[in-house]
Amino acid sequence: NEGLRFVPLNWNWDHRNESLIRLSFSLGYRFSSSEFIGRTTLESSLLKNRSATIFASAFKTVRTDDEFRLPERENSWAGFLGRQDFYDRWDETGFEAGFGFDFSYLKVKGKFVRATQSEIPVDQDLWSFTNASNRLQNNLFMDSINIDYLEGVAAFRTASYSPLKNGFAILSEVDMTLKKNDSTLADPSLRLLNIAMANWEVSKGVVLRNRLILGMGSESLPIYRQFGIGGLGSVSAHGYKSQLGNHMAQINTELVFTEKFTDTWFMVKL
């Protein structure tokens, strides 16, 4: 629902991965609002095995809380094939600084962000393979605000984890809004999202996949940051975000019969 975002330039410089300092640069164009977007990041690796990183970045980019619903590539295919979009997005322009640690199976990242958030208009003049009469949903209305916030991410997975093998993975994201429009918040706004995934190969070629999503937010959470249930990647029998709230829980279980089980080129999923 940006219309079309085109990023032709995406460069990284780090002396062919030999330097402890990396400079990255991207530049694109947002057709819905006719403006350039991009990001410049300077980061430095620390310690012998480069397990620690510090970084700083200036950016004008898109942000969404809906990446947990389904990958962005699948969402783009939904737009191209069926003229549907399952992300709410807004623009962020500003800078950030932070750190990261990579302990093989455990990764941790934290950052401070100072930015201006604003609404992104929706371009309805977008071609799709089917459903040409569908009207794309608008991004949620929001006034332009200046904001300071902290964000942290922790991700863990077992050594054998993959979508169709035994394994366990968990992702936790938390952010705390510290200041809005130059006013320090007496009660900082909190948003926490946890996703746990467990796969079990119950028989050769038969995998039981489970996903649990828990979302928690403070009462001061703005509507465009609330959790939504319904639509592709969530509860398919319901409309897009048919229910909104500050808290959510969602459980998905699926039984996958892989090519090893069917002895063919296709899989069956229940």
Just to check I understand the Karplus step: with θ = phi - 60° and J = 6.51 cos²θ - 1.76 cosθ + 1.60, what whole-Hz values come out for segment 19-24, glycine and proline as x?
8, 7, 10, 10, 10, 10
Roughly speaking, what is the centre-to-centre gap between segment 1-71 and segment 143-216 when only Cα atoms are used, to the nearest Å?
20 Å
Ranking request for peptides 117-125, 158-166: highest mean number of other beta-carbon atoms within 10 Å first, then the rest in descending order.
117-125, 158-166
If the reach is capped at under 29 angstrom between alpha carbons, list the lysines near residue 260, excluding any in the same chain fewer than eight residues apart.
165, 204, 269
5 Å binning of all Cα-Cα separations within segment 40-179, expressed as whole percents from 0 upward
2, 8, 13, 15, 17, 15, 13, 10, 5, 1, 0, 0
As a check on your grasp of the helix formula, calculate [θ] at 222 nm for the chain: sum -39500 (n - 2.57) over DSSP H runs of n ≥ 4, divide by the residue count, round to the nearest 500.
-1500 deg cm²/dmol
Expressed in nm to one decimal, what extension gain is obtained for the pair residue 10 and residue 258 from 0.36 nm per residue of sequence separation less their Cα-Cα distance?
85.7 nm
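Sum up the charges of everything whose Cβ sits under 13 Å from the Cβ of residue 205, counting Lys and Arg as +1 and Asp and Glu as -1, but leave residue 205 out. All intermediate terms of the calculation are to be shown ahead of the outcome.
Details: positive: 165, 204, 260, 269; negative: 201, 259, 263.
Combined, the nearby Lys, Arg, Asp and Glu give +1.
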Please list, or write none, the lysines whose alpha carbon is within less than 17 Å of the alpha carbon of residue 60, excluding same-chain residues fewer than 8 places away.
111
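Given 10 °C and 1.306 mPa s, how large is the Stokes-Einstein diffusion coefficient of the chain in µm²/s, with Rh as the Kirkwood radius over Cα pairs?
Details: Rh = 20.9 Å.
So the translational diffusion coefficient is about 76 µm²/s.
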Leaving out same-chain residues fewer than 8 places away, which lysines sit with a Cα under 18 Å from that of residue 48?
107
Step through the residues of segment 117-129 one at a time and calculate ³J(HN,Hα) from phi using the Karplus curve (6.51 cos²θ - 1.76 cosθ + 1.60, θ = phi - 60°), rounding each to whole Hz and writing x for Gly and Pro.
9, 8, 6, 9, x, 9, 9, 7, 8, 10, 6, 9, 5
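For the pair residue 97 and residue 242, what calculated FRET efficiency results from E = 1/(1 + (r/R0)^6), where r is the Cβ-Cβ distance and R0 = 25 Å, to the nearest 0.05?
Calculated value: 0.05.
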Ranked output for segments 234-242, 11-19 by mean other Cβ atoms within 10 Å, highest leading, reads 234-242, 11-19
Relative contact order for segment 67-203: what is it in percent, counting Cα pairs under 8 Å that are at least 6 residues apart?
20 percent
What residues have an amide H closer than 5 Å to that of residue 65, excluding those fewer than 5 places away on the same chain, when H is modeled at 1.01 Å from N in the peptide plane?
88
Sort out for me the Cα centre separation of segment 99-139 from segment 244-264, rounded to whole Å.
24 Å
Report ³J(HN,Hα) in whole Hz for each residue of segment 75-81, in order, from the Karplus equation J = 6.51 cos²θ - 1.76 cosθ + 1.60 where θ = phi - 60°; Gly and Pro get x.
5, 5, 5, 4, x, 6, 8
Compute the label zone of residue 138 within segment 59-99: residues whose backbone N is under 16 Å from the point 7 Å along Cα-to-Cβ.
88-91
Just add up the charged neighbours of residue 246: K/R +1, D/E -1, any other residue whose Cβ is under 10 Å from the Cβ of residue 246.
+1
Sum of side-chain charges, residue 13 neighbourhood, beta-carbon under 15 Å (Lys, Arg +1; Asp, Glu -1):
0
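Coordinate-derived values only; no laboratory data. On a predicted model such as this, the values are computed, not experimentally measured, just so you know. Counting neighbours? That spans all protein chains shown, and the Cβs are built from the backbone with ideal geometry, glycine included.
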